[in-house]
Each structure stands twice: as structure tokens, then as C-alpha cells.
Amino acid sequence: MDSRRASRMVIDPKPKVRQVGFFTPGAPPERTKSSPAESLSSPPTSDMSPAGNSLSPVMIPPPRHASDNLSSSLGLNSSRVLPVPVPMSPIRRPSTGDNLNLPLGSYNPSESLLGTSLSPSSGFDDEGLSEDTSTSGWFVRGNPGKVASSFPSGGFDTTAMKSRNIPVVSNLTTVSVVKMPPGLSEKGGTLVEVQHEQVRDSKLKEKTSKAERRALQEAQRSAKAASRAEGSKTAATSGGVTAANAKPAKAKASQKKEGSSVASSDRKGPEKDRKKDVPHPRMQFDDKQRVEKAKRRAVVKQTEARNRVELFRHLPQYEHGTQLPDLESRFFQLEPMHPSVYKVGLQYLSGDTSGSNARCIAMLQAFKEAIKDYTTPPEKALGRDLTAKISSYVSFLIECRPLSISMGYAIRFLKNRIAKLPLTFSETEAKATLCSDIDRFINEKIILADKAIVKHAVTKIRDGDVLLIYGSSCVIEMILLHAHELGRQFRVVVVDSRPKLEGKALLRRLVSKGLCCTYTHINALSYIMHEVTLVFLGASSVLCNGTVYSRVGTACVAMVAHAFRLPVLICCEAYKFHERVQLDSICSNELGDPDVIAKVPGREDVDHLENWANNENLQLLNLMYDVTPSDYVSMIITDYGMIPPTSVPVIVREYRREHLWM
Amino acid sequence: MWRRSASFVLDKQRQQPDESRTERLDMSERPETLANPNPNPGISAYYETRAAHHGVVTSDWLAQAQAAVTRDPADLTLEKGLVAPAASSSGSAKAFSVIDEFNRWRKQPDLAEAVAAILALTAVIRTSEATTMMELEIELKKASDSLKSWDTTSISLTAGCDLFMRYVTRTSALEYEDFNAAKSRLIERGEKFGEISRKARRTIAMLSQDFIFDGCTILVHGFSRVVLEVLKTAAQSNKLFRVLCTEGTPDRTGLRLANELAKLDVPVKLLIDSAVAYAMDEIDMVFVGADGVVESGGIINMMGTYQIALVAHGMNKPVYVAAESYKFARLYPLHQKDMAPALRPIDFGVPIPKGVEVETSARDYTPPQYLTLLFTDLGVLTPSVVSDELIQLYL
């Protein structure tokens, strides 16, 4: 929460600085307005492409400039025209929210320099702006011309046009228009951009002179060139900005609908490029417009929980128990869903299938069934249609429960296999190949991998050891049973935690096999740790920096073990390794049902929080996962052997890609 | 490269029948391999050899040895340990024995054990009468297995044999040639590998010169030929530095190193092992060798290395390890006891009362977080790169 506020505080002063710097008469040469002739003759790209290229190659999303500039312009205008304090403006909320995790400062001076020297603005200069106020409004709006350069949507030129054509008052109107909640999502955004482009064109035809038009075209061309040149540098465009971009546009779009389609077809090239280069941004659930949009598409109707913890608003959280009856009642309406996929989805939803291996296997089996029953519709290619089908299944499963990382990998594998199918294959052949591929994946990546892990891990268990395990992991259970079969004399401490209490079932299985066990809750961890010699933990995923992403509480166990100088062994199949890097448990996680932690079943005397869930002052947080820093991990046991956490990237680099193409 | 293929796990299984077949083949020739076991399985041959090569025989040591002999008859065989297996095997072997060859090479004090093994294995290829690639491979495997079982405590011997098998047999060029050409190619590769391993020390010495600066004080533990080479090279390039040598009980290898350095006119100071923390103030860097570099990036080395690394870490002094890449082993000890024990007798000079236990382990494990850099013939590496290299070599 603090960081949110701080970021807003930091963002806000910048525009002011920028404004001051801009208006100083003795500004540096780059800042001075270039004369019209000069601006027309000099190729605008020369100014622009360095602007794009000078950005550091690491994830500097243009959105930041956009929202920055937007906020700055808004701030400027509103503070000039309206005496409204900037942070109060409601529109700022989402855009700053998106800026949250971005680095602040450091780039802005140069940005402002580059922004002001841009050609779109200079292109317009020959119009000769007389009014001081309108100039200021224009220039601030011209600033986002830079956005247009790095960002395929020509976005702000229109706004610029508008502000130029209609004097000061129009600034005011745009601002007020912007405040309207637009309710757009990403796709809607692109659509609107197109419209918005058309609007610009039509406007041009109406009002601009020939020279002006030429200048504008030139600017557009250069903008496109720059955006293409930037290519991969144009990092993920977060939804907030697309929305922000589109907001004024939509306002315009409602005014004018006619226009040529040339511009829209023009647009498609860079747009596609961007989609290829940039990983799809994850859905941020604090972004209202996109959530609305997603809801409309959703198969599963679920009500969102109301009181969510501030820091975790970006994660989906639903009222538990609202989805299941609805889904059941609509079984026959869900035409395209294969019954086996539907079944797996329900199992996810109800929590019957949990654990990333089990979920992954269940999903793959369901897909296999679906593929077996699949027939290619007439006039469609199997490769494309089946991929679309699988994608729709996956989005259904995501609605039931967010994907685990293992499932993500399996899906990527399957889609890859479909894409790689030879065109000469008949349908039955293709289906048989895919089914055997899925079987092979399950066998090699999960079953045999587990066996390899067990083989390695057993070498570390010696007579007299006391092993501590946390929660329930199937591979660790296999290790313990195998070591027991080998006749090793050891004791097991099963540590468990509310609300899932998964350890109990595991404990039951272990004890029935004749192992000597101790059961305790995580509260007693520091006490029990004295007698432990080795800690075995499972993982949902291991990330590239050696961080272990696992059931909540794992980090705590690992930390205590580290404090006691005990070796912490993580058992994880290599297919669950992920190239992502995550530093905290906040940005990507899963929220469970908050009611579960508020209620204790069978204990009426401690149900103090009954019916309190809707109290505004109460926010319940039931996190599903946490991350364990690699410092607390002594060894990761995987199917390739025992490796230090620093070697995870090696495995990812050496094996993961190959396997996708195998 | 099928070993790197997706079905790695399956491959492993496919391999197993092969191994069992070699096992069966082995059975018929068991007597030969059994004729050559380490005479003293309870005592690490590796450390005994090192002691024999590098130890300083002083008058009091002789006296102690005398006393030990009378007390412990096992020591008597030990004294002859070097000669005995060679003699017995030469009697029983028909034409050629790896162990013989290995021992012949091993007697050269400048040759590391792993290099001796590599040379011996190359000799196996050369003298082999196999007519197919499979036969040759089986023969090689058998030879390397018997070498490994000869001394299970030596990490570099095991690692060297494994690496040789990997390096020599993992070449795609073999598939298209007739057997004799392939065989000569294998010999060529084996010799090349031996050559690389021989030159490794030199490479390391050159690489580490940048880290030794004028006026520095270096702490050295035990006698390591690589470290000696590094210091020798530095002295020859007219660097001015001082060396503090630990005594290196029980075999006093430190004395030997001090002796060698004094010949090079390097100022040397001897410390008893327990004075390390006392002297750490004036030290700029710690230089140690390694018996084995394990997958975590930590090292297994002569007893006392761990505590020196701990003290150095506590005082923020860099700890450099000089180790040839054939010492990289696929081991991952979690703690000190998590290693195959390498024991050797220790003489305290006075008779030890009955019922008092003696810690006879010859080596300890230093975890990677206490090491700064590893100087290897693959370059100057951080500890975490070791695993990277190992994964690339073995998987």
C-alpha cells in the first residue's frame, strides 16, 4: 500500500519539473521549437528512432511513457484550467496502479527532451499557434507524440489535433470526457484505436491543408518505422495504458463513426508484430474494464469476493460455492466443452484434484479423450481447429482454477505437437500420434521423472535420520516409502497447516505402511526442528533464479531449517521448472476461499467471525502459494540428478526447449 | 546425441541391461579383478599415496612410524602398499592389466592420479584385441570399473575415469568409420585428453597470475601440486609475495611445500594448523587445492580446509581454489558426514589410552558459499558454474 502511494507521489512531481523545464526561455537547443521549414525538410525519423533505441533493452514498457505523459498532460491541463488537485482525478487510479511495479524516475529528463523535439509536434508548428495557452496545451499533448512513435497506435495525434483546432475550452472538454469510465478491454482497445484512426483521417479531410496532411502522413510513417525498429523492445503493453489510450479515443469515436478503412488496414502490420514479440500480459484483476470484459466471455459465472486485501487485488478471488451449482445447471448449454474436460474442470473447482502433478495428468487425460472424440469440421484444418479447441478448453479450466505452472508447460507441449504434425497425416493418424505423445509426456515427464527423483533422493537418507516433510507431495511420499522398502531406519516428522490439513492423509498412508511418524502443526516448527536432520519439501515450480514456488508455508519451513543449519532438499520434476523470475509471493499467486480460514469446522466456540465476511473492515487473505528464496535451499533433486539451486537456469536452457521440439 | 535426448530417463534404463551384461562378463574374470583389491580397504590409498609422495620424513616421524608399526600391524602392509599390489598382479595377470599400467604411471610424483588413470585407459584401448566397437567399449568399461574399485576413496580417480569414458566414447565421428580407424581415433582422443589433463596445471597457473599481486600474503594449506605450480609461476615472473604455510598434520605436507618454496626464494612462514585464525589478519588471500570439486561447487580437500575457509569467510578474505577439471565429480554432499569415508591412521606420538576414539577422516567438505573462485583449466569459475559444466559433461 505504501508503495502505491509513494509511486503516485513520485510520478506526480515529474510533470511539473517537465513543464518548468519546457517553458524556460533559455532551454537547451533540443528543446527550442524548430522552425517550420526545418521540421518539414529534416526527416523526422532521425529524431525519433534514437528516442526509441535509447531506451534500455530491458523491459521498458512504452505504456509508462504513455500513462506518464497522459497523467502529466492531464495534470497540467486540469491544474491549469480546473483547480482540481491531480491525485483526486479518478481516471488516474488505474494508470498509476499499473505503474506500480515499474522503476521510477531516471528516464524522464531525456524523455521530455525527446518528446518535445518530435516531428509530429514540429509538423504542426507551421500552423502558427498564436495563443499562449493553446500552445501549452498543444505541446503537452504533443509530448505523447512520442508515445505514438513507440506505440503503434497513433493515439494522441488526434487529441493533439483536437486541442489545436478547438482552443483552450476544448482542453477542458477532453479532460472531462476522459473521466468517463469507458469499460474497455484490450481487444476493445485495438478496435477503438482503429476507429480513432479513422476519426483522425476524416478530420484531416475536413479541416487540414495539404501541407499539413503531408506532415501528418510523414509523422505517421516515421512513427510506424520507429515502432517496427523497436520491435522487441516494445515491451508488454499493460492493459491500463491501452485503456488510457483508448479513452479519449472512444469519446471521439462516439462523435464520429465514418472514415476510411485504409488507416485500419495500415495498422495491422505493426500490431501483429507486437503481438508476436511481446508475451501476453497476465490478467490483472484490479483492472476493472478488462475484468468486466472477461466476465462477459466467461463460461463459469462467479461472483467476486468483495473485501480483498489491498496488496492482492490483482489476483482473482471469487465467492466460494457460487460457481459450482451454476456450472452444473448449465451443463447442456456448454456446447463446445468435451465432457471429460468439463469433469476435470469441476474437479478443479471443487478441489477434488489438487497437486500440480495430479492436475496436470488429469488435464492431459481429458485432452486425450477430447482428441479421441474429435472430428475435424468440414473445410477446416485439423492443426488450426484443434488448437483453437484446446485453447477454449484451457480457458474453461482457467476459469475453474488458475493454471499451475506444470499445466502451462504441458499445454505448450501439446500445442506444439499439434503445430508440428505433418500435413500429410490423415485425421486418424494425427489423433493417434497426439494421443501417444500425451501418453509419452505423462510417462516421461512425470512418472519416470518421479522414479528418477526417488532414486536420487534415497541416497541421501541414512540410518538414524529424522526427516521433516511439510504438506503432502506425492513424490516425497514415494521417496519415503522407497527408503522404507530399502530397510533404512528413519523417522518422519509430518508438519501440517490449516486450512487444508493435507498432511493427515499422507500421515495415514505412511503410518499404515509401517513408518515411524510424528505429526505436528507448523506452529510447533521451531520446537520440532531440533531433532530433525533433513528437510524434504515438494514444489509447485522452481523458478529460474532458484526460487521455489510452493504451497504456502514452505518458505517458513525452509527458513527455520536454514536457521538450524539443516539441509533443505527440494524435490521437483524438471518439467515444472520455469524461466520466470519472481522475487515475492505477491505478483503471482492464487487466492483461496477466505471463508475457510475464518471458520473452524466443528468448533462453534471459536467461530467468532461468522457472518463477518462482508464487514468492510475485515479483509481475509488465504494465499495458496509462497516463494522460498534460493538461499534457504541446499539442493534441488530433479530427474536430471541433484543440482544446486543456481543450476536451474542450466536445466531450463539445456533441456526445456529441446523437449518442446522433440 | 542420444544421451541428451528427451527420453534421457528411458535411455538410462536401456543402459542398465548393458551394465548387467558387463557384470556377467566380469564374473568369469572375477579372479583377476579380485586379485588386485586395495590391500587395505579400511585405509584410503589415495591419501597414503599422497603422504608417500609429499610427506616429509623426519627423524621423529620415523620414530613415530616405528612405534606405530609395533602397535598396529596394518601399518606394516601399508608401508609395502605401493609395491605389493603391483607385484601380486604382475604375477597373476596374463598379458596386460590396467592396474599395473595405472600404478606404473602413478609412481611418477608429478602425475596426478586421474591423469595416470587416463593414460592407463588409453593403453587399454591400444592393447585391446576387440574387434567390434561394442566389445571395446565393454572392455574399457571393465577397466575403468576395476580402476575405480581399486581405490574408492579417490574422487579424482573416479571422476577422471568417468570423464575419459565420456570424452572418448561420445564422438559422433565413430559411426561412419571402420573399426580400426575408429579405434585409432579413440586412441587419438584418449591421448589428446591425457595431454589436456597434463597441461591443465600449466593453464591454471597462467590463469591465476592476475590474482597474485605484489606485496600480497598468501595462506596455503597442505601440499597441492597445482598451487605449487601457481606460486612457482608467480615467483618466476618476479612477483613479490609472501606465503604462509600450514603445517598440514598428520603427514606434514605443508613442510614439503615450504621446502619447495624456499628453493624458489619465496619468503615462507610456517604455521601450525591451529594458528590459522591468529594469522588471518595479515593474509590477503587463501589458496588451496582440491581432491574433488563437487556438484554444488564446494570442494572436498584435505582435513582443515573447511575451517580455514570459515575463518577466511569470517574475516572477508578471498578463498581461491586451484583444481583441474578432471576433479569435477558428480557428488553432492550435504554435510561433512555425507561422503564416502576416507580414513587413514594418525599418530599422536604417544600411546592413546583404550576407549578413546580417534577421528581418522582424511578430508572435509567446504560448501560453496565459503569459496570465492575456482581456478580451473576451463577458466576462472565461480562455484555455481561447476554444476553447469558437470551437467553439460554428463547429461
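The values are calculated or read from the model by the stated rules, or taken from the named source; none is laboratory data. Owing to the predicted nature of the structure, the values given are computational and were not obtained by experimental measurement. Cβ: placed from backbone, ideal geometry, glycine included. Neighbour counts: every protein chain shown. When the accessible area is computed, the model is the full protein with side chains, heavy atoms only, and any ligands, DNA or RNA have been set aside. Shrake-Rupley method; radii C 1.70, N 1.55, O 1.52, S 1.80 Å.
For the reader, a short list of remarks on this structure follows.
- Which listed pairs, of A:LYS455/B:LYS327; B:LYS141/B:LYS232; A:LYS455/A:LYS500; A:LYS293/A:LYS599; A:LYS504/B:LYS337; A:LYS380/A:LYS445, have C-alpha distances above 26 Å, in listed order: B:LYS141/B:LYS232; A:LYS455/A:LYS500; A:LYS293/A:LYS599; A:LYS504/B:LYS337; A:LYS380/A:LYS445
- Peptide B:330-336 has a mean shielding of 5, counted as Cβ atoms of other protein chains within 10 Å of each residue's Cβ.
- Mean accessible surface per residue for region B:213-325, computed with a 1.4 Å probe while every protein chain stays in place, in Å²: 35 Å²
- Summed residue charge, Cβ within 15 Å of A:ASP439's Cβ, Lys/Arg positive, Asp/Glu negative: +3
- All alpha carbon pair distances within region A:406-476 were sorted into 10 Å bins beginning at 0; the resulting P(r) in whole percents reads 16, 34, 23, 16, 9, 3, 0.
- Inter-label distance, nm, simple model (7 Å from Cα along the C-beta direction), B:MET206/B:ASP110: 1.7 nm
- Cα gyration tensor shape for region A:523-566, rounded if a/c is under 1.5, else prolate or oblate: prolate
- Cβ crowding within 10 Å averaged over residues, with B:340-347, B:368-375 ranked highest first: B:368-375, B:340-347
- Ordering of B:278-288, A:355-365 by packing [mean C-beta count within 10 Å, highest first]: A:355-365, B:278-288
- For region A:447-512, applying the loop criterion from DSSP together with a ceiling of 14 other beta carbons within 10 Å to the trypsin sites (Lys or Arg not before Pro) yields A:ARG462.
- Residue-averaged beta-carbon neighbours from other chains (10 angstrom radius) around A:638-645: 6
- Relative contact order of region B:202-394, pairs being alpha-carbon contacts under 8 Å that are 6 or more residues apart, as %: 23 percent
- Shape category assigned to region B:202-394 from the gyration tensor of Cα positions, a/c cut at 1.5: oblate
- Per residue convex hull volume, Cα atoms of region A:481-571, in Å³: 105 Å³
- Each Lys or Arg adds one and each Asp or Glu subtracts one; over the other residues with Cβ under 13 Å from the Cβ of A:ALA483, this totals +2.
- Inter-chain neighbour count for B:250-256: the average number of beta-carbon atoms from partner chains within 10 Å of each residue's beta-carbon is 0.
- Calculated FRET value between B:ARG185 and A:GLU485, using beta carbons and R₀ = 35 Å, to 0.05: 0.20
- Whole-number percent relative contact order across region A:472-610, with pairs defined as alpha carbons under 8 Å at least 6 apart: 21 percent
- If you plug the beta carbon distance of A:GLU429 and B:LEU310 into 1/(1 + (r/R0)^6) with R0 = 60 Å, you get a FRET efficiency near 0.40.
- Distance in nm between pseudo-label sites at A:SER526 and B:THR249 (7 Å out along the Cβ direction from Cα): 4.0 nm
- Distance between region A:435-483 and region A:393-418 - C-alpha centres, whole angstrom: 23 Å
- Local net charge near B:ILE300, Cβ-Cβ under 12 Å (Lys/Arg +1, Asp/Glu -1): -2
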